[in-house]
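Below is one structure, written out as structure tokens; comments come after it.
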Amino acid sequence: MTQFYIPDIDKNSEEVIISSEETLHIIKSYRVKTGERIKLFNGVGDVFYGIVKKIADNVLTVKILEKKENKIVLCQSIIKIKNFELVIRKTTELGIDTIVPLLTSRCEVDKDNFVKKYDRFYKIIIEASKQSERPYLTELTYPCNIEECFKHKNNTKVYNIIAYKNSSQTNLLKILQQIKYSNTKFNIRLFIGPEGDFTNSEINFFLNQKDTFFVNLADTILCSETAGILLSGLVVYYINNI
């Protein structure tokens with residue numbers, strides 16, 4: 001499916017009129033025709049699937065069939081810079097919508113030194129997005145602690161999946177089925193601990209939150225970056241493809 005960047009899409013519109021330079025690009029370069037399905041994105045996380053209704057005088061009319069609304073957010077504990085860079089690169093390729101650097105009790109990297117690397121992190125996101133031909137850039141937020149993640153409320157249902165070695169809940173597929181077929185607009189947050197995992201107090205905090213699930217990803221002990229990439233890949237693939 002051909003995809004195009006249209007920055008000023010009205011999120012609530014059922015029909016999009018495209019009359020910019022991008023129209024000539026769509027018509028001339030890709031030879032898009034009436035009745036063809038295309039993907040539009042605005043560069044800030046909104047993706048629209050539509051069908052071309054009309055082409056006339058270099059103006060394209062697209063009927064919106066579906067809007068991508070569910071977001072998958074990776075809350076990755078801050079780890080060594082080179083390892084965090086690997087997480088950024090690979091989870092961007094996989095399709096994670098937002099990465100939240102997580103400040104946990106066992107973090108070994110200074111927050112201020114970490115933030116100084118943001119220019120480098122953004123470059124990695126752009127490179128990984130180009131390489132994987134993603135329709136939009138992964139958002140990278142400012143570091144925050146676990147409690148702060150739960151303070152921001154909106155009308156969207158949020159499910160939390162915590163990777164925890166000592167968890168007895170291992171059926172990730174069952175959890176994702178429950179989420180995907182809940183018939184509500186939802187976001188999924190994935191929480192990955194640092195080397196040494198979450199502390200007991202952090203686990204107790206999670207236990208007291210709504211819509212929270214714990215999963216044990218492997219019989220072996222995974223590095224933090226491995227756990228983040230693995231869980232991201234499994235969740236993105238299932239939610240978007242199955």
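Within the range 86-116, restricting attention to residues that are charged (D, E, K, R) and closer than 25 Å to T199 by Cβ, which residue is surrounded by the most Cβ atoms within 10 Å (Cβ to Cβ)?
Across the range 86-116, the extreme among qualifying residues is R106.
Can you confirm whether I79 is in contact with a Gly (Cβ under 8 Å, 6 or more places away or on another chain) and either surrounded by fewer than 17 Cβ atoms within 10 Å (Cβ to Cβ) or under 30 Å from D197 (Cα atoms) (or both)? The answer is no for I79. Put simply, of E195, E202 the only residue that is in contact with a helix residue (DSSP H, G or I) (Cβ under 7 Å, 6 or more places away or on another chain), in a helix (DSSP H, G or I) and of a type outside the set (G, A, S) is E202. Go through the residues of the range 84-95 one by one and say whether even a single one is of a type outside the set (A, V, I, L, M, F, W, C), out of contact with any Phe, Trp or Tyr (no Cβ under 7 Å at 6 or more places or on another chain) and at pLDDT below 95. Looking through the range 84-95, at least one residue is of a type outside the set (A, V, I, L, M, F, W, C), out of contact with any Phe, Trp or Tyr (no Cβ under 7 Å at 6 or more places or on another chain) and at pLDDT below 95. Every test in (1) under 22 Å from F41 (Cβ atoms); (2) touching a strand residue (DSSP E or B) at 6+ places or on another chain (Cβ under 7 Å) is passed by I179 save one, and that test is (1).
Within the range 160-167, can one find any residue that is under 19 Å from the mean Cα position of the chain (by Cα), without any contact (Cβ under 8 Å) to a residue 60 or more places away in the chain and closer than 29 Å to N216 by Cβ? Checked against the condition, which is being under 19 Å from the mean Cα position of the chain (by Cα), without any contact (Cβ under 8 Å) to a residue 60 or more places away in the chain and closer than 29 Å to N216 by Cβ, the range 160-167 yields at least one hit.
So, in the range 189-203, how many residues would count as being buried (at least 24 other Cβ atoms within 10 Å of the Cβ) and of a type outside the set (V, I, T)? Of the residues in that region, 4 qualify.
Listed by position, the helices (runs of 4 or more DSSP H) contained in the range 76-149 that have at least 2 residues being of a type in the set (D, E) and either closer than 24 Å to E202 by Cα or in contact (Cβ under 8 Å) with a residue 24 or more places away in the chain (or both) are 81-94, 146-149. Scanning the range 205-236 for residues that are among the hydrophobic types (A, V, I, L, M, F, W, C), free of Cβ contacts under 8 Å to residues at least 40 places away in the same chain and in a helix (DSSP H, G or I), we see that the one that is surrounded by the fewest Cβ atoms within 10 Å (Cβ to Cβ) is L207.
Take the residues in the range 156-188 that are buried (at least 16 other Cβ atoms within 10 Å of the Cβ) and of a type in the set (S, T, Y), then tell me which one is nearest to G228 (Cα to Cα). Of everything passing the filter in the range 156-188, Y164 is nearest to G228 (Cα to Cα).
The values are calculated or read from the model by the stated rules, or taken from the named source; none is laboratory data. All values derive from a computational prediction rather than experimental measurement. Glycine also receives a Cβ, built like all others from the backbone with ideal geometry; neighbour counts cover every protein chain displayed.
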